[in-house]
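Presented below is the structure to which this report refers.
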Amino acid sequence: MLVNMNDILHPAKEGKYGVGFFNAVNVEMARAIIETAEELNSPVMLGTAEILLPVMELERVAEYLIPMAKKAAVPVCVHFDHGLTFERCMEALKLGFTSVMYDCSTKSYEENLEAVGEMVRICHGMGVTVEGELGHVGDNFGSGKLANPADYFTNPDTAADFVKKTGVDALAVAVGNAHGDYAFPPKLDFDRIDVISKKTGIPLVLHGGSGLADDDFRTAVKLGVSKINIFTDIDKAGKAGIEAGLAAGEKTMMGLIPYEINAMKKVVAEKIRLFGSDGKA
Ligand SMILES: [Zn+2]
């Protein structure tokens, strides 16, 4: 069934388990995520991000994701990740996404506050939930790489002010996490997660989940992280699945697709079990 983020994250926060958010830029990814969630009786979040739209346009993504979520036997939230512009977030709303992240984390605090506050007023009027980001989660690669990531860590007092003034439903935090492959083993600031969670009282979101150690997830979830974003792991698993199919002598897409889906399902299942959302649908 199609639900919004609060329908999934409020019980998760209460029950102290995490829920995965997986990007699904093609139908195979969407199938791998939803079928695994159904098999493990887990709520799940999936969607796409603004930077992934060159691969598959928002309207195309909505055309398969929304009906698949509606038909699913478990709660599914279709979420627009890292919306960077007001217009794209409005487009997601019109297409039936039940949740949006409006990422104004590279703007000034005042601009972030004002923009996300306005987004919350519009979205809440339509039953759509909103995720904001405070501090800035950078990349491990290219132009997004931060010279000193600690300079961009989320400040707990500012986070409390931000949540109170914007009314945002979930908050992405910068606590030593980064997008993409980690160049070095990441070191999360767990004390910071704990304090931010206590001061804000809302579900926290950990971006850049691919590559973190299993114990890091368990600790982060225990301290208040309710949503964990995973893309790189599932993306690479799909590719590895196709390679395995080629190595096994498959010569057509039809023959390769089951390899692709099964490889991604394995990763999704591992994450669902690790976060503890299995059996919670
Ligand atoms: Zn992210």
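Coordinate-derived values only; no laboratory data. These numbers were taken from a predicted model, which means no experiment stands behind them. Here the Cβ is made from the backbone with ideal geometry for all residues, glycine too, and neighbour counts use every protein chain on show.
Before we move on, is K239 part of a helix (DSSP H, G or I), charged (D, E, K, R) and buried (at least 16 other Cβ atoms within 10 Å of the Cβ)?
No; evaluated as a whole, the condition is false for this residue.
Within 20 Å of the chain's Cα centre (by Cα) and either more than 23 Å from I228 (Cα to Cα) or not in a helix (DSSP H, G or I) (or both), is that true of V120?
no
When you check E28 against the structure, is it out of contact with any Cys (no Cβ under 9 Å at 6 or more places or on another chain), over 22 Å from K266 (Cβ atoms) and not polar (S, T, N, Q), yes or no? Working first, answer last.
On the way: out of contact with any Cys (no Cβ under 9 Å at 6 or more places or on another chain): yes; over 22 Å from K266 (Cβ atoms): no; not polar (S, T, N, Q): yes.
So E28 does not fit the description; no.
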**Inter-residue pairs, beta-carbon under 6 Å, first touching a residue at least 60 places away in the same chain (Cβ under 8 Å) and within 18 Å of V205 (Cβ to Cβ) and in the range 105-129, second buried (at least 20 other Cβ atoms within 10 Å of the Cβ) and among the acidic types (D, E), 6+ apart** = S105/E133; T129/D169
**Complete:** Of the residues in the range 146-202, those that are within 16 Å of the ligand (Cβ to nearest atom) and on the phi > 0 side of the Ramachandran plot come to G176, G180
**Request:** For T85, work out the one condition from (1) touching a Gly at 6+ places or on another chain (Cβ under 8 Å); (2) within 21 Å of D169 (Cβ to Cβ) it doesn't fulfil.
**Result:** (1)
**Subset of the range 32-51 [under 14 Å from R273 (Cβ atoms) and either aliphatic (A, V, I, L, M) or free of Cβ contacts under 8 Å to residues at least 24 places away in the same chain (or both)]** = A37, L40, V44
**Positions within the range 78-93 being touching a residue at least 40 places away in the same chain (Cβ under 8 Å) and more than 16 Å from the ligand (Cβ to nearest atom), in sequence order** = V78
**Message:** Quick check on D233: is it part of a helix (DSSP H, G or I), within 22 Å of M101 (Cα to Cα), in contact (Cβ under 8 Å) with a residue 12 or more places away in the chain and of a type in the set (D, E)?
**Reply:** yes
